[in-house]
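The values are calculated or read from the model by the stated rules, or taken from the named source; none is laboratory data. Computed from a prediction, not measured in an experiment: that's the story for all the values here. Here the Cβ positions follow ideal geometry from the backbone for every residue, glycine too, while neighbour counts run over all protein chains shown.
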Amino acid sequence: MKLLITGGAGFIGSHVVRLFVEKYPHYQVFNLDKLTYAGNLQNLRDIEARANYSFLRGDITDAAFVEAIFSEHRFDAVVHLAAESHVDRSIAEPLAFVETNVLGTVNLLNTAKKHWQGLLEGKLFYHVSTDEVYGSLGEEGLFTEETRYDPRSPYSASKAASDHFVRAWHHTYGLPVKLSNCSNNYGPNHFPEKLIPLAIHNIREGRPVPVYGKGENVRDWLYVLDHARAIDVIFHQGKVGETYNVGGVNEWRNLDLIELLCEVMDEKLGRDKGESRKLITFVKDRAGHDLRYAIDSGKLMKELGWKPSVTFEEGLRKTVDWYLANEQWLKEVTSGHYRDYYTQQYEHR
Ligand code: NAD
Ligand code: TYD
């Protein structure tokens, strides 16, 4: 098995690469990543010398580059995670999301189709997507695989478009595909522009923790290693042409989540109870902020036997421990570009 994983230097991708490299030593794993601000090879230091792992630096939108690596390595399967992934950045700079998430995905599909023509047996294009394509829920209900797409941010619209293109390549050209749509991930190696790592970072530094609006928006949170396990199960046992929802059965209102995180941080940092909570600062709401995401992963659980392995309390503690133990990682990713982004994003809120 020659497996191409795209976006393997990012948050989720690095956990997926590690899982496949370690669990399947007979697979040859190629990690294709552009190393944008979100990609970091430090995430893979522990496995980079493995004989069954190679890194390919490049851009999924670069047709000549993607063609060249398919010609050279003759991949049997693709697990596609490379994307622009942050909603706030998509509001500020939507075009980059169309380029990478839509054009990049179509470029990969086209190249896979060309190289696999007449040789489809055993081939697979697995597309990793988000529950945000389904839009926003009210107080009640869950997203199922049948929920109508209703994306509302430039990020979710670009991911929805990419999902449609993947299904179109399956129906029109017979490309063997699988898709999964997952809820919010958290865990080690998460870039600190997303809520949980940003809050951990700010609490540690004694800086304000920005909560958008009244903190009433709800997200379902899944530990990143459980997402990587789901991708493994779907890759190997899922049905071709099918979509699987992945979630943590773990809904949290943002404010409740941040308050829990503050308690954990007080304990881990030896601060007085309630001290970190004082850092919570309500700021201007995100434009078009989706109220609630909640996902029904019943199909994945019943058909393929997957379930989350850690509770949220456990996962959050492991995450905080990782950030406290990896100060250097955080220092490196929060230098330079991140500081500019942070100032731009929060100075007027
Ligand atoms: P991330 O931003 O941490 O990582 C994305 C990776 O893709 C980075 O390493 C980056 O360098 C790479 N990349 C970006 N543009 C590229 C390009 N043009 N060519 C090659 N590489 C490029 O993202 P993540 O949170 O790890 O998300 C991975 C995937 O999972 C995305 O497709 C995302 O939509 C999806 N997803 C994420 C979440 C979440 O909570 N983070 C939830 C559900 C689904
Ligand atoms: P985020 O981690 O950006 O993920 P997504 O928008 O894809 O769900 O945000 C999670 C939730 O936290 C979302 O409702 C927006 C909110 N949020 C804040 O309140 N403050 C922040 O500084 C950030 C980054 C997010």
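If I ask for residues that are within 10 Å of I203 (Cα to Cα) and either of a type in the set (D, E) or part of a loop (DSSP other than H, G, I, E, B) (or both), which ones from the range 269-279 would you list?
E275
Can you tell me which residue within the range 131-164, out of those that are hydroxyl-bearing (S, T, Y) and under 10 Å from Y293 (Cα atoms), is surrounded by the most Cβ atoms within 10 Å (Cβ to Cβ)?
If we take residues in the range 131-164 being hydroxyl-bearing (S, T, Y) and under 10 Å from Y293 (Cα atoms), then Y134 is surrounded by the most Cβ atoms within 10 Å (Cβ to Cβ).
Which residues, taken from the range 70-80, are in a helix (DSSP H, G or I) and surrounded by fewer than 18 Cβ atoms within 10 Å (Cβ to Cβ)?
Once the filter is applied, which keeps residues that are in a helix (DSSP H, G or I) and surrounded by fewer than 18 Cβ atoms within 10 Å (Cβ to Cβ), the range 70-80 yields S71, E72, H73.
Condition check ((1) in contact with a Lys or Arg (Cβ under 9 Å, 6 or more places away or on another chain); (2) of a type in the set (A, V, I, L, M); (3) assigned to a helix (DSSP H, G or I)) across all residues:
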{"site": "H227", "(1), (2), (3)": "no, no, yes"}
{"site": "D232", "(1), (2), (3)": "yes, no, yes"}
{"site": "H236", "(1), (2), (3)": "no, no, yes"}
{"site": "Y244", "(1), (2), (3)": "yes, no, no"}
{"site": "L260", "(1), (2), (3)": "no, yes, yes"}
{"site": "E267", "(1), (2), (3)": "yes, no, yes"}
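From the set of residues in the range 20-59 that are assigned to a helix (DSSP H, G or I) and within 21 Å of K123 (Cβ to Cβ), which is farthest from the chain's Cα centre (by Cα)?
That would be K23.
Failed condition for R317, given (1) assigned to a helix (DSSP H, G or I); (2) modelled with pLDDT under 95, with all others met?
Condition not satisfied by R317: (2).
Results for (1) more than 9 Å from ligand 2 (Cβ to nearest atom); (2) part of a strand (DSSP E or B); (3) within 29 Å of G274 (Cβ to Cβ), shown as yes or no for each residue.
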position	(1), (2), (3)
A160	yes, no, no
D163	yes, no, no
W169	yes, no, no
T172	yes, no, no
L175	yes, no, no
N181	yes, yes, no
R204	yes, no, yes
V211	no, yes, yes
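Give me the pairs, please: first residue somewhere in the range 192-211 and farther than 23 Å from I12 by Cβ, second residue anywhere and part of a loop (DSSP other than H, G, I, E, B) and more than 6 Å from ligand 2 (Cβ to nearest atom), beta-carbon distance under 7 Å, and either six or more positions apart or on two chains.
P210/R349
Can you find a residue in the range 95-103 that is assigned to a loop (DSSP other than H, G, I, E, B) and within 15 Å of ligand 2 (Cβ to nearest atom)?
No.
Which of the residues belonging to the range 163-200 are hydroxyl-bearing (S, T, Y) and farther than 18 Å from Y134 by Cα?
Selection gives T172, Y173, Y186.
If we keep just the residues of the range 1-29 that are buried (at least 22 other Cβ atoms within 10 Å of the Cβ) and among the aromatic types (F, W, Y), which is farthest from E72 (Cα to Cα)?
The residue in question is F11.
For the range 287-315, which positions are within 15 Å of ligand 2 (Cβ to nearest atom) and either under 16 Å from E242 (Cα atoms) or in contact with a helix residue (DSSP H, G or I) (Cβ under 6 Å, 6 or more places away or on another chain) (or both)?
Scanning the range 287-315 gives A287, Y293, I295.
Kindly indicate which of S85, S14 is under 19 Å from the mean Cα position of the chain (by Cα), within 16 Å of ligand 2 (Cβ to nearest atom) and at pLDDT 95 or above.
S85
Test R74 against the criterion of being at pLDDT 95 or above, more than 12 Å from ligand 1 (Cβ to nearest atom) and at positive phi, and give yes or no.
Yes: the conditions hold for R74.
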